[in-house]
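Asks: I am attaching a structure below and will ask some questions about it afterwards.
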Amino acid sequence: MTDAQEFFREKKPWSRYKDLILDYYLEPYLAKVATLGKPILVVDCFAGAGQFDDGESGSPLIISKRLEVVQSRGVDVLGFYVERDPTLYDRLKSNVRNLHIPVRTAPGDFREHVDEIARLAKDRTVFVYLDPLRPSDLLFGDMESVYRQLEAGRSIEVLINFMSTGFLRAALGLSDHIFV
């Protein structure tokens, strides 16, 4: 079992907290951008299984719930969920299959889909959620083609969550190389 698969066995308190932040942020954000009159795209670049083994919702289901509210007000929406772990991806597809909003799932590393996200951003308001398991899973330059849409006046919002323990481990590992 991979670390990512193990992660989805049971939702931990800190994971509940970060999902609470995501949900809390999305509600007013989506209400505001819905007034722009453009379709809305929400991308989860590290979607995981969508739901934990203990039945608690993961970020794709939290996002979808918020998108359903906006769609009920007549706004076109799309949830775009990317997962690289093949086992988790299969579970993700199953967990979002019966949602009441349009959903696109994509297997593989999110970097493989950045150009598609950038293309979709040309006529949509975009929210990108980046929540990597390890800090090394994301480099800021990875999203450059999406960020370039800002130059064209597109609405792009990015929420990045990093586990501080992962950063601490990475920083401590680097300190051996920096201070030698």
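Asks: Looking at the stretch 45-74, which of its residues are β-branched (Val, Ile, Thr) and crowded, with 23+ Cβ neighbours inside 10 Å?
Replies: ILE63
Asks: Would you mind stating whether ASP85 is under 17 Å from LYS18 (Cβ atoms) and touching a residue at least 40 places away in the same chain (Cβ under 8 Å)? So that I can check it myself, show each step before the final result.
Replies: Details: under 17 Å from LYS18 (Cβ atoms): no; touching a residue at least 40 places away in the same chain (Cβ under 8 Å): yes.
Against the criterion (under 17 Å from LYS18 (Cβ atoms) and touching a residue at least 40 places away in the same chain (Cβ under 8 Å)), ASP85 does not qualify.
Asks: Just checking: which of the helices (runs of 4 or more DSSP H) contained wholly in the stretch 15-127 hold 1 or more residues that are at pLDDT 95 or above?
Replies: Numbers: elements: 59-71, 86-96, 114-121.
The helices (runs of 4 or more DSSP H) meeting that bar are 59-71, 86-96.
Asks: Here are VAL42, VAL77: which of them is without any contact (Cβ under 8 Å) to a residue 40 or more places away in the chain, among the β-branched types (Val, Ile, Thr), surrounded by 14 or more Cβ atoms within 10 Å (Cβ to Cβ) and touching a helix residue (DSSP H, G or I) at 6+ places or on another chain (Cβ under 9 Å)? Full working, then the answer.
Replies: Values: VAL42 fails: without any contact (Cβ under 8 Å) to a residue 40 or more places away in the chain.
After ruling out the rest, the residue left standing is VAL77.
Asks: Residues of the stretch 117-134 being over 13 Å from the mean Cα position of the chain (by Cα) and either buried (at least 16 other Cβ atoms within 10 Å of the Cβ) or among the hydroxyl-bearing types (Ser, Thr, Tyr) (or both), which ones? Let's see the steps before the verdict.
Replies: Filtering the stretch 117-134 down to residues over 13 Å from the mean Cα position of the chain (by Cα) leaves 118-125, 134.
The answer is ALA118, LEU120, ALA121, ARG124, THR125.
The values are calculated or read from the model by the stated rules, or taken from the named source; none is laboratory data. Owing to the predicted nature of the structure, the values given are computational and were not obtained by experimental measurement. Reconstructed Cβ throughout: ideal geometry from the backbone, glycine too, with neighbour counts over all protein chains shown.
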